[in-house]
Every structure is written in C-alpha cells, then in structure tokens.
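For reference, the structure discussed in these notes is given below.
Where a number appears in this text, it was derived from the coordinates with a stated rule and is not lab data. Everything quoted here is computed from the prediction, not taken from an experiment. So basically every Cβ, Gly included, is an ideal-geometry build from the backbone, and we count neighbours across all protein chains shown.
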Amino acid sequence: MFYFDKVNSKRVLKSSLLDCAYFTTRGFKPEDILLESGRLIKPEQTHSDHVEFVDERCEYSDTDGLILTNTNDTIYLRFADCTPLVFYDTKQKIGAVSHAGWRGTAAGIGVKTIEKMNSNPEDIIAIIGPAISICCYEVSEEVRGKLLDTVKNTSGLYENRNVDLKKINARQLEEIGVKTIDICPYCTSCSNDLFYSYRKENGTTKRHFAVLRPV
C-alpha cells in the first residue's frame, strides 16, 4: 500500500513494503535527497535495457538500471510517465532501481535487473511507482504488440490501443515467480498536480525521482 510522507520537508510517496525507497513529487530537487553517508548517484538514462552494479565509478552511461550492493551510496533515477521499478532482495539484502518506458518494458528490463542481481524471484519485493496509467496511455498497434508479446497472459493489460505499463511490468515479474509486488495507483498524467508527465505537459524536461537509500 502506498502512502505519503516527508523527506526534507517535501512530500514523497512510499510503499509500506519497503522503507528504504521513495518516489518524489513535483518540485523535489536532487539536493533535497538526504544522504546518510556516501555518494548520490544517477545514471545517464537512454531508454535502454542496460543494468549496472554500483561500484567505485561516478558515471554510468547508457544505463537504465542500477543495482546497489553497498550500505553507503544512494541512487536515484528520473521519470515523467515511464514506470519506476524498485527491487529489494530480502536474502541478499541488495536493491535496485530500473527505468521502464515502453522500450524498457518491451525489452524486459525488470526481469533482466532481477537476473543481474542473481536473485531468486521469490526473495524479491517489487515496488512499481507512479507512471502513466492505462486511462491515458494510447500507443500504436506496433508498440502494443511489442509490449503484449512479453507476457503469456495478456488479460487486463490493454483496452483497444491503450496499454497498462505498470501491470505489464508486474505481469512479467509474476511470470518469473515474483510473489510480492506493490503497484502504485497514481497516474502521472491524471495526477499532474503531484507528478511530472511528459505527455500531459507537452514534452516537459522536468522529472520526479525514484530514490533508493542504503539497504
């Protein structure tokens, strides 16, 4: 279940399943992220399915997923309609954040992140953050086909030319054995007063964040 909280006096959205992650709202800046220690790291996102482990590097080019294995650094990825995926392995005690637009979703970036974590899917807590919902996400027939081809069961994932990116990502995870998934109910387009929306705001360059603190 999702609920609102405050970080540095600014409103954020959290899941009751995972305390070490949150999603920011409009007006939140990188400097508002509170660091317990270590570095604040973000990748150069390019709508790829490339996932990296956080190590001594400060830059991660062409990367749309970061896996955090240490207890010092904090990572964040940027969003405005695309689907934030946050993972936590309860056995290995490591976490990850991935950016799943339609291209990342079609490439299965969520599944690939869990595979790169070398995790048993049953040990994973998956949090799917605020993103554009089926009500506002019309795509071409080609894109719809590419997205639906990633799952065996397409029931409830589309209505005509509209698709549900959040549920498609969840279905991909379910089909590999992830049992614990929390899906955010907020649509970034409908709730544009809370979140940035690339579609609603005609290509805005502003972004909200998915943040993973030391795990």
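Structure notes:
- DSSP bridge orientation in region 2-212 - percent antiparallel, rounded to nearest 5: 80 percent
- Percentage, to the nearest whole number, of Cα pairs in the chain over 21 Å apart: 49 percent
- Using the Cβ-Cβ distance between GLU138 and LYS206 with R0 set to 22 Å, the FRET efficiency works out to roughly 0.45.
- The gain in end-to-end length when the GLU44 to ASN8 segment is fully stretched comes to 10.4 nm, 0.36 nm per residue minus the alpha carbon separation.
- GLU59 sits among other residues whose Cβ lies under 13 Å from its own Cβ, and their net charge, with Lys and Arg +1 and Asp and Glu -1, is -2.
- Label positions at PHE53 and ASN120, each projected 7 Å from the Cα along the C-beta direction, are separated by 2.0 nm.
- For region 127-215, alpha-carbon Rg relative to the globular expectation (2.2 N^0.38 Å, N residues): 1.16
- In this structure, the pairs whose alpha-carbon distance is over 23 Å, taken from LYS91/LYS167; LYS91/LYS152; LYS146/LYS167; LYS10/LYS42; LYS166/LYS200, are LYS91/LYS167; LYS91/LYS152.
- Mean separation of Cα contacts under 8 Å (6+ apart) over length of region 2-212, as relative contact order %: 23 percent
- Reachable aspartates and glutamates, given that their alpha-carbon falls under 15 Å from the alpha-carbon of LYS116 and they are not under 8 places away in the same chain: ASP49, GLU52, ASP55, ASP64, ASP89
- Neighbour-limited loop hits for trypsin sites (Lys or Arg not before Pro), region 164-215 (at most 13 other Cβ within 10 Å; DSSP other than H, G, I, E, B): LYS179, LYS206
- Low-density loop cleavage sites - trypsin sites (Lys or Arg not before Pro) in region 25-68, where at most 12 other Cβ are within 10 Å (DSSP): ARG57
- Each peptide in 138-150, 100-112 was scored by the mean count of other Cβ atoms within 10 Å over its residues; highest first, the order is 100-112, 138-150.
- Spin-label pair GLU159/GLU174, simplified geometry with 7 Å Cα→Cβ offset, distance in nm: 1.8 nm
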